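> First the structure, then my questions, so here it is.
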Amino acid sequence: MEKVLEVKELKVIRNGRIVIDGAEFEVLKGDYIGIIGPNGGGKTTLLLAILGRIPRISGSIKWFGKELKDFKDWHRIAFIPQDATNFDRNFPLSVKEFVVLGRLGRKAGRKINREDWEEVDLALEFMGLAEVANKRIGELSEGQKQRMFVARALVRKPEVLILDEPIAGMDASIQEKFYQKMSELNHKMNVTILMVSHDLSVVFCKMNKVICVNKEVYVAKVGKEAEEVLRKAYGEHFYFVFHRHECRGEFVD
Amino acid sequence: MIELLNYQFFQNAIIGGILIGIISAWIGLFLVLKKESMIVDGAAHTAFGGLALGLLIGIDPFLTALIVSIISIFLISHMRSKGHAYSDSAIALMLAVGFSIGLAIISVTRGFGVDIFSFLFGSILTISREEIILITLLATSIAAFLSNFHREILAIIFNEDEAKIMGIPVRRISICFNLMIAVAIILSIKMVGTVLVVALMVIPALAALRLKCSFIKTLISSITIAIIGVISGIIISAYYRIATSAMIVLILLLIYMIIVVRKRW
């Protein structure tokens, strides 16, 4: 299977502290990966480092076989940052105007054409936002805002979608719908997904791999192997309980 | 009123005013969204130093003002991005330095025998045919840039980091946008002067944003408000012999207040 991302011996220092130390992992095409770990463990740092947004001390990062510094095809990757929905609610953009921004980037100054608007309509339809297409972005609920960001990512036709804690602020029923859409994207459209999540039940039920970040980075397939990895990552202060048949996991202090 | 339209100076003022109003409102909207509207005030006051410098060395003062204004905008951006100063402190610093230099030069040379008030408060009614041609060329260039890149600028304002990841050439577009701000400020100084230029760029945007529309509607509203303010300001000032810049700004304020009150109801 095609290697989407290859990380070797990655070391990242932020504010004088080693946040990521010797990370090694691969992401294959079609993977649906949950990135978990304690708060301050380095999940967001890891994402920003693999996207080249923060410098690394050492190690190599390859996207689609190309070293990060030589990689130019950023349209193949879409990223939704943490707290993306905390924007100025008076920002004068309609949902449609916002989503079409996702079509930018390949060539600056390119005119938005009918095909672009059709892609926007399709993405809004897929994310269940067609009815609010002409509303201002500040008028949407938290769940709708998050789906709007995914719609903007989708119009770029990405091969990889990276989301940093996308479900924060959503109620349980909206979360479930959101994860359904993510699974559809992964299974039907073969989009590789990396998602930071604190919801272990979702990670263990819906995703095929776990990346656990707590300064060191542990990778495992979902299942018994992942349980070991989580124990290593969280240390002896946590006792991990994993009910495979119920498909849920939790930490007990 | 009809008689006024027969005068060349009045026709020039209206044409120049509309063109300057359009680009000021357009750029002003982006600056308000970027929460950097005070950069206009900083660069405009710094440009006053440039105007004085031009008069001192005997070249077109608006050319030196443009150069000084460009330098000040880039210095403010540099100080902010490198963490040397917060945005408001960097603006205050440039404003004070530029204005003091201008004041010092003018006081030493006893005012060069020119009307300093025209720089401070504008002189749209004295605009010449040649200046109209120059304004048209510059305004068209700015409008072409903004219409081609307005979505990229919006994406950068919304979230610069995301824009970089999306592959938008953030640095190049930001440099061009800063240049456009400087040109728009110098053109606006001709109309309303260094003291009130910030009002011409900011009030139409603030009023349009109160309407709570999509971006395109907000932009059209902002430009429309600026045009109404400029035309009626020029007419009333010419008719009643009131300072044009003050009249334009007061009408823009009136429009803003009407929108605020109507929206409350």
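The values are calculated or read from the model by the stated rules, or taken from the named source; none is laboratory data. Note that the coordinates shown come from a computational prediction; the quantities given were computed from them, not determined experimentally. Virtual Cβ from ideal backbone geometry, glycine too; neighbours counted across all protein chains shown.
> Working only within the range A:94-142, note down all residues that are farther than 18 Å from B:Ser147 by Cα, of a type in the set (Gly, Ala, Ser) and surrounded by fewer than 20 Cβ atoms within 10 Å (Cβ to Cβ).
If the condition is that a residue be farther than 18 Å from B:Ser147 by Cα, of a type in the set (Gly, Ala, Ser) and surrounded by fewer than 20 Cβ atoms within 10 Å (Cβ to Cβ), then A:Gly128, A:Ala130, A:Ala133, A:Gly138, A:Ser141 are the ones that fit.
> Kindly provide the set of residues from the range A:105-126 that are within 14 Å of chain B (Cβ to nearest Cβ) and in a helix (DSSP H, G or I), ordered by number. Steps first, please.
Going residue by residue through the range A:105-126, those that are within 14 Å of chain B (Cβ to nearest Cβ) are A:105-113, A:116-117, A:120.
A:Asp116, A:Trp117, A:Val120, listed by residue number.
> Of everything in the range B:135-167 that's assigned to a loop (DSSP other than H, G, I, E, B) and surrounded by fewer than 20 Cβ atoms within 10 Å (Cβ to Cβ), which residue is farthest from the chain's Cα centre (by Cα)?
So the first thing to find is which residues in the range B:135-167 are assigned to a loop (DSSP other than H, G, I, E, B), and the list is B:159, B:166-167.
Checking which are surrounded by fewer than 20 Cβ atoms within 10 Å (Cβ to Cβ) leaves us with B:159, B:167.
Working: B:Asn159: 24, B:Gly167: 30 Å.
Out of the qualifying residues, it is B:Gly167.
> Return the residue satisfying two criteria in turn: it lies in the range A:82-93 and is charged (D, E, K, R) and out of contact with any helix residue (DSSP H, G or I) (no Cβ under 7 Å at 6 or more places or on another chain), and of such residues it is farthest from the other protein chains (Cβ to nearest Cβ). Show your work before the answer.
Looking only at the range A:82-93, we keep the residues that are charged (D, E, K, R), and these are A:83, A:88-89.
Those still in the list that are out of contact with any helix residue (DSSP H, G or I) (no Cβ under 7 Å at 6 or more places or on another chain) too: A:83, A:88.
Working: A:Asp83: 10, A:Asp88: 8 Å.
Here the residue is A:Asp83.
> Would you point out which residue out of A:Gly102, A:Gly138 is assigned to a helix (DSSP H, G or I), at pLDDT below 95 and closer than 22 Å to B:Pro169 by Cβ?
On the way: A:Gly138 fails: closer than 22 Å to B:Pro169 by Cβ.
Result of the check over A:Gly102, A:Gly138: A:Gly102.
> Let me ask you something else. Pick from the range B:123-134 the residues that are surrounded by 15 or more Cβ atoms within 10 Å (Cβ to Cβ) and not in a helix (DSSP H, G or I): which of them is nearest to the other protein chains (Cβ to nearest Cβ)?
B:Ile127
> A follow-up question, please. What about A:Phe91, is it surrounded by 15 or more Cβ atoms within 10 Å (Cβ to Cβ) and modelled with pLDDT of 95 or more? Before you say what the answer is, go through the steps one by one.
Working: surrounded by 15 or more Cβ atoms within 10 Å (Cβ to Cβ): yes; modelled with pLDDT of 95 or more: no.
Criteria not met by A:Phe91.
> While we're on this one: Hey, can you tell me all the residues within the range B:214-224 that are within 11 Å of another protein chain (Cβ to nearest Cβ) and either buried (at least 17 other Cβ atoms within 10 Å of the Cβ) or closer than 27 Å to B:Ser81 by Cα (or both)? Write out each step before concluding.
Residues of the range B:214-224 that are within 11 Å of another protein chain (Cβ to nearest Cβ), as a first pass: B:214-219, B:221-222.
If the condition is that a residue be within 11 Å of another protein chain (Cβ to nearest Cβ) and either buried (at least 17 other Cβ atoms within 10 Å of the Cβ) or closer than 27 Å to B:Ser81 by Cα (or both), then B:Ser214, B:Phe215, B:Thr218, B:Leu219, B:Ser221, B:Ser222 are the ones that fit.
> Contact list please: Cβ distance under 7 Å, first residue in the range B:190-202 and at positive phi, second residue not in a helix (DSSP H, G or I), pairs at least six apart or on different chains.
B:Gly193/B:Gly122
> Taking A:Lys96 as meeting all but one of (1) under 20 Å from the mean Cα position of the chain (by Cα); (2) at the interface with another protein chain (Cβ under 9 Å from one of its Cβ atoms); (3) of a type in the set (Lys, Arg), write down the number of the exception.
Going through (1) under 20 Å from the mean Cα position of the chain (by Cα); (2) at the interface with another protein chain (Cβ under 9 Å from one of its Cβ atoms); (3) of a type in the set (Lys, Arg) one by one, A:Lys96 breaks only (1).
> Residue pairs, Cβ under 6 Å, 6 or more apart or interchain, first in the range B:154-182 and over 23 Å from B:Gly21 (Cα atoms), second modelled with pLDDT of 90 or more and of a type in the set (Asp, Glu). List them.
Final answer for the pair search is B:Ile168/B:Glu152.
> A further question on this structure: Any residue at all in the range A:171-187 that is among the hydrophobic types (A, V, I, L, M, F, W, C) and part of a loop (DSSP other than H, G, I, E, B)? Quick ask: steps written out before the conclusion?
Filtering the range A:171-187 down to residues among the hydrophobic types (A, V, I, L, M, F, W, C) leaves A:172, A:174, A:178, A:182, A:185.
Now narrow it down to the ones that are part of a loop (DSSP other than H, G, I, E, B): none.
Checked against the condition, which is being among the hydrophobic types (A, V, I, L, M, F, W, C) and part of a loop (DSSP other than H, G, I, E, B), the range A:171-187 yields no hits at all.
> Inspect all residues belonging to the range B:42-57 and state whether any of them is assigned to a helix (DSSP H, G or I), among the aliphatic types (A, V, I, L, M), closer than 29 Å to B:Arg129 by Cβ and over 22 Å from the mean Cα position of the chain (by Cα).
So in the range B:42-57, the residues assigned to a helix (DSSP H, G or I) come out as B:42-57.
Imposing the further condition that a residue be among the aliphatic types (A, V, I, L, M) reduces the set to B:43-44, B:47, B:51-53, B:55-57.
From the residues that got through so far, the ones that are closer than 29 Å to B:Arg129 by Cβ too are B:43-44, B:47, B:51-53, B:55-57.
If we keep only those that are over 22 Å from the mean Cα position of the chain (by Cα) too, we end up with B:56-57.
Scanning the range B:42-57, I find at least one residue that is assigned to a helix (DSSP H, G or I), among the aliphatic types (A, V, I, L, M), closer than 29 Å to B:Arg129 by Cβ and over 22 Å from the mean Cα position of the chain (by Cα), so the answer is yes.
> Do you know which of the residues in the range A:67-82 that are touching an Asp or Glu at 6+ places or on another chain (Cβ under 8 Å) and not hydrophobic (A, V, I, L, M, F, W, C) is farthest from B:Asn148 (Cα to Cα)?
First pass over the range A:67-82, keeping only residues touching an Asp or Glu at 6+ places or on another chain (Cβ under 8 Å): A:76-77, A:79-82.
Retained after the next criterion (residues that are not hydrophobic (A, V, I, L, M, F, W, C)): A:76, A:81-82.
Details: A:Arg76: 24, A:Pro81: 27, A:Gln82: 30 Å.
The qualifying residue farthest from B:Asn148 (Cα to Cα) is A:Gln82.
> Could you look through the range B:199-213, keep only residues that are within 14 Å of chain A (Cβ to nearest Cβ) and surrounded by fewer than 24 Cβ atoms within 10 Å (Cβ to Cβ), and pick out the one that is nearest to B:Phe117 (Cα to Cα)? Show your work before the answer.
At the first step, the residues of the range B:199-213 found to be within 14 Å of chain A (Cβ to nearest Cβ) are B:204-213.
In the following step, the residues that additionally are surrounded by fewer than 24 Cβ atoms within 10 Å (Cβ to Cβ) were identified as B:206, B:209-213.
Numbers: B:Leu206: 27, B:Leu209: 32, B:Arg210: 33, B:Leu211: 35, B:Lys212: 38, B:Cys213: 39 Å.
Among those residues, the one meeting the criterion is B:Leu206.
> Kindly indicate whether any position in the range A:63-72 is touching a residue at least 12 places away in the same chain (Cβ under 8 Å), more than 29 Å from A:Ile33 (Cα to Cα) and either within 13 Å of chain B (Cβ to nearest Cβ) or not in a helix (DSSP H, G or I) (or both).
Within the range A:63-72, not a single residue is touching a residue at least 12 places away in the same chain (Cβ under 8 Å), more than 29 Å from A:Ile33 (Cα to Cα) and either within 13 Å of chain B (Cβ to nearest Cβ) or not in a helix (DSSP H, G or I) (or both).
> Looking for whichever is touching a Pro at 6+ places or on another chain (Cβ under 6 Å) and either crowded, with 22+ Cβ neighbours inside 10 Å or without any contact (Cβ under 8 Å) to a residue 40 or more places away in the chain (or both) here; the options are B:Leu51, B:Leu29, B:Leu93, B:Leu66. Which one fits?
B:Leu51
> For residues in the range B:171-192 being among the β-branched types (Val, Ile, Thr), more than 8 Å from chain A (Cβ to nearest Cβ) and more than 17 Å from B:Lys35 (Cβ to Cβ), which is surrounded by the fewest Cβ atoms within 10 Å (Cβ to Cβ)?
Narrowing the range B:171-192 to residues among the β-branched types (Val, Ile, Thr): B:173, B:175, B:181, B:183, B:185-186, B:189, B:192.
Filter again for more than 8 Å from chain A (Cβ to nearest Cβ), leaving B:175, B:181, B:183, B:185-186, B:189, B:192.
Checking which are more than 17 Å from B:Lys35 (Cβ to Cβ) leaves us with B:175, B:183, B:185-186, B:189, B:192.
Working: B:Ile175: 13, B:Val183: 19, B:Ile185: 30, B:Ile186: 25, B:Ile189: 33, B:Val192: 31.
Applying the filter and picking the extreme gives B:Ile175.
> Let me ask something else about it. Return the only residue of A:Leu194, A:Leu154 being crowded, with 23+ Cβ neighbours inside 10 Å, at pLDDT 90 or above, closer than 17 Å to A:Ile36 by Cβ and under 15 Å from the mean Cα position of the chain (by Cα). Break it down stepwise before answering.
Values: A:Leu154 fails: closer than 17 Å to A:Ile36 by Cβ.
Of A:Leu194, A:Leu154, the one residue that is crowded, with 23+ Cβ neighbours inside 10 Å, at pLDDT 90 or above, closer than 17 Å to A:Ile36 by Cβ and under 15 Å from the mean Cα position of the chain (by Cα) is A:Leu194.
> Please determine whether any residue of the range A:127-140 is under 23 Å from the mean Cα position of the chain (by Cα) and facing chain B (nearest Cβ under 9 Å).
yes
> Considering only the range B:239-253, state which residues are at pLDDT 90 or above and either under 15 Å from B:Ala208 (Cβ atoms) or in contact with a Gly (Cβ under 6 Å, 6 or more places away or on another chain) (or both).
If the condition is that a residue be at pLDDT 90 or above and either under 15 Å from B:Ala208 (Cβ atoms) or in contact with a Gly (Cβ under 6 Å, 6 or more places away or on another chain) (or both), then B:Met247, B:Ile248, B:Ile251, B:Leu252, B:Leu253 are the ones that fit.
> Related question: From (1) more than 13 Å from chain A (Cβ to nearest Cβ); (2) surrounded by fewer than 19 Cβ atoms within 10 Å (Cβ to Cβ); (3) not aromatic (Phe, Trp, Tyr), pick out the condition that doesn't hold for B:Leu196.
For B:Leu196, the failing item is (2).
> So, in the range B:69-87, how many residues would count as being farther than 15 Å from B:Ser100 by Cα and crowded, with 20+ Cβ neighbours inside 10 Å? Walk me through it before giving the result.
Applying the first criterion (farther than 15 Å from B:Ser100 by Cα) to the range B:69-87 yields B:70-71, B:73-87.
Pick out the ones that are also crowded, with 20+ Cβ neighbours inside 10 Å and you get B:70, B:73, B:76.
Selection size over the range B:69-87: 3.
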